[in-house]
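First the structure, in the form of structure tokens, and then the observations on it.
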Amino acid sequence: MAGVRDAQAASLDTFPKLMLNHARVRPSRPSMRWKDLGIWQTWTWAEVSAEVRAFSVGLQRLGLKRGQRVAVVGSNRPRLYWAMLSAQALGAVPVPVYADAVADEMGFVLENAEVTMAVVEDQEQVDKVLSVAERVPGLTMVIHDDERGLRDYDTAMLRSFAVVRDDGQKALDADRAVEAEWLKSVEAGAGSDTSIILYTSGTTGRSKGVVLSSARSIAAASDTVAFDKLTDADEVVSYLPLAWVGDHYLSFAQGLVAGFCISCPESAATVQQDTREIGPTFYFAPPRVLENLLTRVMIRMEDASGPKKAVFHHFLAVAKTWGEKILNGERVPLSARAHYALGEILIYGPLKNVLGFSKIRVAYTAGEAIGPDLFAFYRSLGINLKQLYGQTEAFLYVTCQPDGEIDVETVGPAAPNVEIRIEPNGEVLFRSPGQFVTYLNDSEKTAETMTGDGFVKTGDAGFFDRKGHLKIIDRAKDVGKLTDGSLFAPKYIENKLKFFPNVKEAVAFGDGQDFVACFINIDLTAVGNWAERNNIVYSSYQELAGNPLVYAMIEKNVEIVNRSLAAEEAMAGAQIKRFLILHKELDADDGELTRTQKVRRSFIAERYGVLIDAFYAGKSECPITTEVTFEDGRKGIVSANVKIKDMAIHTPAALKVAAE
Amino acid sequence: MQSYADIAKGDVLLSVKDVSLSFGGVKAIQGVSFDIRKGEVRAIIGPNGAGKTSMLNVINGFYHPQAGEIMFKGIRRPKMKPYEAASGGIARTFQNVALFKGMTTLDNIMAGRSLKMNVGLFWQMLRFGPAEREEVIHRRRVEEIIDFLEIQAIRKTPVGKLPYGLQKRVELGRALAMEPELLLLDEPMAGMNLEEKEDMCRFILDVREQFGTTIALIEHDMGVVMDLSDRVVVLDYGRKIADGVPDVVKADKTVIDAYLGVAH
């Protein structure tokens, strides 16, 4: 809260000003940590601002000017966050790019944003940037953090981060005027300046550059810092993509407003261990991550001894019955409280400790619908997990759930100072303190998205429930109708399927068709483990996916989904009549998923058109050949003969009779 | 540590002259000569039983040839034990991973430092004073290798639990921990998938670039060998049948007949 008051008091309207303020107010508080060579290195606010100053002056000496754009590419590393602040201090605009983007995608962003410099993590990123450098005529300099493998690169465009920083430091040491000059350039920054350009993940076609201003970004972050009572004593592990609005908001923006410490993991593979060592108090995870964690815990428990398993499952049942009620502050009998307390000592406490969740005060999940069981599992352990609904265009928050008002089906009421309006066609519109200024170089798209009175169209369909909480059902444009007129919300059906641990991804079709049909991707971890325990031999994803026993298992899931759809009047007409298990995993490298792992529906419909035709032509199997892209960009071919299964459709009435 | 650019190409680091090795009546190696230059990646290829692994074993002192001589760093090498080769700057990995399965990745790589540890057993047992100071220094070096090979996530995992590809990487780490001048790799990519192979290739090239280590490797994957190595020596039935840069070797008729492209 102190951070919010400071921000208001001193008209701190840019992030570099906030940083300098923290360096004055709390110079010795930790600001960033990074695990290097197995040891956590910590930088205080004073040290961070000194590093940023040196690197920023270094950038200036390389010719970086106000208004120019700097690409930032890599995993979560202090130096890359510093690069953003360093650019902002000079009035330049950082443009983070997804580190796992292939060269072509990266080229598009660099070209579209007309960047003049790039600060990247390592050789891999340097190679990608250099390979598309021709498309970006303004690019003058590529600065890399990790020097490994780059010693023999013979190009004048390349500098190491350390060299640029040291050059800046030398200039600062030599002449005191340099520092004064630099401080002046920070002061010259205004709240209306562009703070950052974030590219959307491209769920609907090519990604767009979202231009966000400093004052709006800080206003939005200040609201949520107050909402969740974040202070400089909080700890956050930043492990989500640097280029994603979630990380930029939750770690960078909130961190600079509240003054808390963000910790960067040693590598992508060590995130879980690092989280455990840090013990974050504020935590964000997409449902996918939470699901992976749970799957891993459950798989390891399968290998535990009998008595341990019994104790574990006993107390999980106790938590399931009472945990959420206790967390919500409801009336719970004393005996149940005692039972739960024992569970806390024996199971929940140690489990939370292993996951690194012991100190969590506030945790959020968002990005896609979360399974009720999954959500309840974490909450029943006493973790204050909440949902939020947000967008890059809003600089994240549109709605969020206040403590104690949690419902898995909805995403909560409007966030502080956010207005929401629902259009007659069900589309959700918002006006928020952090909302974007414009799409980069695309005034047409901007005009399309923003209404005359300043509201932003989310493209999502939803409605408010009786408590005034928003419920999102699908993308507005994806909600369609079957030929008999019944409502078809593909995502709604897919999410029901994805809540089964053995289903990784599902894509439903049916708009303008006679019935609903569905592609399914099995989860290789869960199904592979099941196969191992049942002595089913397989050599590849494709072979496992085609196994009749796997088909039988998935058929049972589809059956349950159909029953639950039949029970809802509005959705009963959209039961799954036919399904198949895809012969390959949907992959972002093939353009089938976005970089944030969301399904790109229309692309998939086109790519697997043969299979969809087979659905509606009534075939029982269909040969298909698909091109796949490997991680290094090379291409290969997979072909398979995919089987199609028919399902029984329930009539709502028949279900009722059966129930009686 | 010297940079790759500093390495004077052409200096011979190790040469093998007319070496013959036999086990009873089996002639594993017959009169083979070749050399390994400083800073190069030298591949030894050949069909099964051609004598490749025997050759590595001769180089690192595990086998003693009945005839011929080996010059290392310009000096004729006497009959020596493997540990003498090790302290002389030759490290190796094995065809079938030879790690301490019950120990962690960290401890396995630390074991590679044991030749560099000077503090006596007494202090080591107390783990105090000089022993502690020394351990910190070695641990730092080991952590650099862990960082280099990107195996931070398995630092504390017993290697027996690791998949094969990672075990190979740990083994490379242990060899690197010795800071060798000459690194012998016996089928570093065997049993790996494409992605693991590519990773391993990158590590091998990075090892040379960053540490200036000379590398001799045995490998069956021709794509890897031809891409990675500067020069290739081809063995068949214990004899050398070709020696030269990959393009020349690839085009050599004897090599094609013996090994590469004859349809069976």
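The values are calculated or read from the model by the stated rules, or taken from the named source; none is laboratory data. Every value quoted in this text rests on a predicted model; they were computed, and no experiment measured them. Glycine gets a Cβ as well: all are built from the backbone with ideal geometry, and neighbour counts include every protein chain shown. These area figures cover heavy atoms from the full protein model, side chains too; ligands, DNA and RNA do not enter into them. Shrake-Rupley method; radii C 1.70, N 1.55, O 1.52, S 1.80 Å.
Segment A:124-170: which residues show an accessible-area loss of 20 Å² or more, assembly versus chain alone, 1.4 Å probe?
Relative to the lone chain, where solvent access is computed with a 1.4 Å probe, segment A:124-170 loses at least 20 Å² at A:148, A:149, A:151, A:152.
Name the residues of segment A:299-328 whose amide N is less than 15 Å from a point 7 angstrom out from the Cα of residue A:335 along the C-beta direction?
A:318, A:322
Considering only protein heavy atoms, with the full assembly of protein chains and a 1.4 angstrom probe, order A:339, A:469, A:313, A:650 by accessible area, largest first.
From most exposed to least exposed: A:313, A:339, A:650, A:469.
With +1 on each Lys and Arg Cβ and -1 on each Asp and Glu Cβ, how big is the dipole of segment A:285-383 about its Cα centre, in debye rounded to the nearest 20? Can you show the working numbers first?
On the way: 13 positive and 8 negative charges, 54 e Å.
The calculation lands at about 260 debye.
FRET efficiency for residue A:155 and residue A:304, Cβ-Cβ distance as r, R0 = 60 Å, nearest 0.05? If you can, show how the numbers build up before the last one.
Working: r = 55 Å, r/R0 = 0.91.
After rounding, the FRET efficiency stands at 0.65.
About its Cα centre, what dipole magnitude does segment A:480-659 give when the only charges are +1 on Lys and Arg Cβ and -1 on Asp and Glu Cβ, stated in debye to the nearest 20?
Numbers: 22 positive and 24 negative charges, 68 e Å.
Once rounded to the nearest 20, the dipole reads 320 debye.
Kindly provide the trypsin sites (Lys or Arg not before Pro) of segment A:1-108 that DSSP labels as loop, not H, G, I, E or B, and whose Cβ sees at most 15 other Cβ atoms within 10 Å.
Numbers: sites: A:5, A:17, A:24, A:33, A:35, A:53, A:61, A:65, A:66, A:69, A:79; in loops: A:65, A:66.
For trypsin sites (Lys or Arg not before Pro) across segment A:1-108 that sit outside H, G, I, E and B with at most 15 neighbouring Cβ atoms in 10 Å, the list reads A:65, A:66.
Assuming R0 = 30 Å, what is the FRET efficiency of residue A:639 and residue A:567, from their Cβ-Cβ distance, to the nearest 0.05? List each step's numbers first, then the result.
Details: r = 40 Å, r/R0 = 1.32.
After rounding, the FRET efficiency stands at 0.15.
Go from 0 up to the bin containing the longest alpha carbon distance in segment B:183-264, width 10 Å each, and give me the % of pairs per bin.
16, 48, 31, 5, 0
At 1.4 Å probe size, with the rest of the protein present, what percent of the exposed accessible area of the protein assembly as shown is carbon and sulfur atoms?
Summing carbon and sulfur atoms, their accessible area is 53 percent of the total for the protein assembly as shown.
Lys/Arg Cβ at +1, Asp/Glu Cβ at -1, dipole of segment A:480-659 taken about the Cα centre: which of A:546, A:535, A:492 is farthest positive-ward?
The listed residue farthest towards the positive side: A:492.
Computed over the Cα atoms of segment A:2-284, what is the convex hull's projected area averaged over all directions, in nm²? Walk me through the numbers before you get to the answer.
On the way: hull surface 56.9 nm².
So the mean shadow area of the Cα hull is 14.2 nm².
Determine how large the accessible area of residue A:185 is when every protein chain is in place; take a 1.4 Å probe and give Å² rounded to the nearest 10.
Near enough 20 Å² of accessible area.
Assuming a viscosity of 1.306 mPa s and a temperature of 10 °C, what translational diffusion coefficient in µm² per second does Stokes-Einstein assign to segment A:480-659, Rh being the Kirkwood radius over Cα pairs? Could the numbers behind the result be given before it?
Working: Rh = 16.9 Å.
Rounded to a whole number, D works out at 94 µm²/s.
To one decimal place, what Kirkwood hydrodynamic radius in Å is obtained for segment A:287-350 from all pairs of distinct Cα atoms? Before the final figure, lay out each step's value.
On the way: mean 1/r = 0.0780 Å⁻¹.
Roughly 12.8 Å, rounded to one decimal.
For the A and B pair, go ahead and give the buried accessible area with a 1.4 Å probe, both sides summed, in Å² to 100. The partial results should precede the final answer.
Details: alone 28070 and 13060 Å², together 39610 Å².
By this definition, chains A and B bury close to 1500 Å².
Are there DSSP H segments in chain A that both extend 30 Å or more along their axis (alpha-carbon positions) and score a mean Kyte-Doolittle hydropathy of at least 1.6? List them, or say none. Mind dumping the intermediate values first?
On the way: long enough: none.
Passing helices, by number: none.
Only protein chains counted, 1.4 angstrom probe. Which residues of segment A:27-68 are at least 30 Å² less accessible in the assembly than when their chain is isolated?
Listed in order, they are A:37.
Which value, in Å³ per residue, describes the convex hull spanned by the Cα atoms of segment A:122-281?
Details: hull volume 30.5 nm³, N = 160.
In segment A:122-281, the Cα convex hull volume per residue is 190 Å³.
Compute the relative contact order of chain B as a whole-number percentage, counting only Cα pairs closer than 8 Å that sit 6 or more residues apart in sequence. Mind dumping the intermediate values first?
Details: 465 pairs, mean separation 74.6, N = 264.
Relative CO of chain B lands at 28 percent.
According to a simple spin-label model (label point 7 Å from Cα along Cα-to-Cβ), what is the distance in nm between residue A:42 and residue A:463?
About 5.2 nm separates the two model spin labels.
Two decimals is fine: what is log10 I(q)/I(0) at q = 0.14 Å⁻¹ for segment A:23-175, from a Debye sum with one equal scatterer on every Cα and no solvent?
-0.67
For residue A:553, what charge total do you get from the other residues with a beta carbon under 12 Å from its beta carbon, if Lys and Arg give +1 and Asp and Glu give -1?
Local charge sum for residue A:553: -1.
For segment A:63-124, give the magnitude of the charge dipole about the Cα centre (Cβ charges: +1 Lys/Arg, -1 Asp/Glu; no others), in debye to the nearest 20. Intermediate results must be reported in sequence, preceding the final value.
Values: 5 positive and 8 negative charges, 106 e Å.
That gives a dipole near 500 debye.
Suppose the Debye formula is applied to equal point scatterers at every Cα of the protein assembly as shown; what is log10 I(q)/I(0) at q = 0.05, 0.08, 0.10 Å⁻¹?
-0.35, -0.90, -1.32
With heavy atoms of protein chains only and a 1.4 Å probe, what residues of segment B:191-225 have at least 10 Å² less accessible area in the full set of chains than alone?
Buried on complex formation: B:194, B:195, B:198, B:202, B:206, B:209, B:210.
Roughly how many Å² is the accessible area per residue of the protein assembly as shown, as a whole number, for a 1.4 Å probe? Present the calculation step by step, with values, prior to reporting the outcome.
Working: 39610 Å² over 924 residues.
Accessible area per residue: 43 Å².
Rounded, prolate or oblate: pick one for segment A:138-217, where a ≥ b ≥ c are the square roots of the eigenvalues of its C-alpha gyration tensor, a/c under 1.5 means rounded, and failing that, prolate if a/b is larger than b/c, else oblate.
Values: a/c = 3.25, a/b = 1.15, b/c = 2.82.
Oblate, because a/c is 1.5 or more while a/b does not exceed b/c.
Packing-wise, with mean Cβ within 10 Å as the measure, how do A:448-460, A:615-627 rank, highest first? Write down the numbers at each step before the final one.
On the way: A:448-460: 15.8, A:615-627: 13.7.
Sorting A:448-460, A:615-627 by mean packing, highest first, produces A:448-460, A:615-627.
Separation of segment A:43-97 and segment A:609-647 by C-alpha centroid, Å?
Taking the Cα centre of segment A:609-647 as reference, the centre of segment A:43-97 is 46 Å away.
So for chain A: antiparallel DSSP bridges make up what percent, rounded to the nearest 5? Numbers along the way, then the final one.
Numbers: 52 of 85 bridges.
So the antiparallel bridges in chain A amount to around 60 percent.
Based on DSSP H runs of at least 4 residues, each adding -39500 (n - 2.57), what is the mean residue ellipticity at 222 nm of chain A after dividing by all its residues, to the nearest 500 deg cm²/dmol? Can you show the working numbers first?
Details: 25 runs with 255 residues, N = 660.
The per-residue figure over chain A is -11500 deg cm²/dmol.
Along segment B:113-124, what does the Karplus equation 6.51 cos²θ - 1.76 cosθ + 1.60 (θ = phi - 60°) give for ³J(HN,Hα), rounded to whole Hz, x for Gly and Pro?
8, 4, 5, 8, 8, 10, 5, x, 4, 4, 5, 4
Kirkwood hydrodynamic radius, computed over distinct alpha-carbon pairs, for segment B:85-215: how many Å, to one decimal?
Numbers: mean 1/r = 0.0661 Å⁻¹.
It works out to 15.1 Å.
What's log10 of I(q)/I(0) for chain B at q = 0.14 Å⁻¹, Debye sum over Cα points only, no solvent?
-1.00
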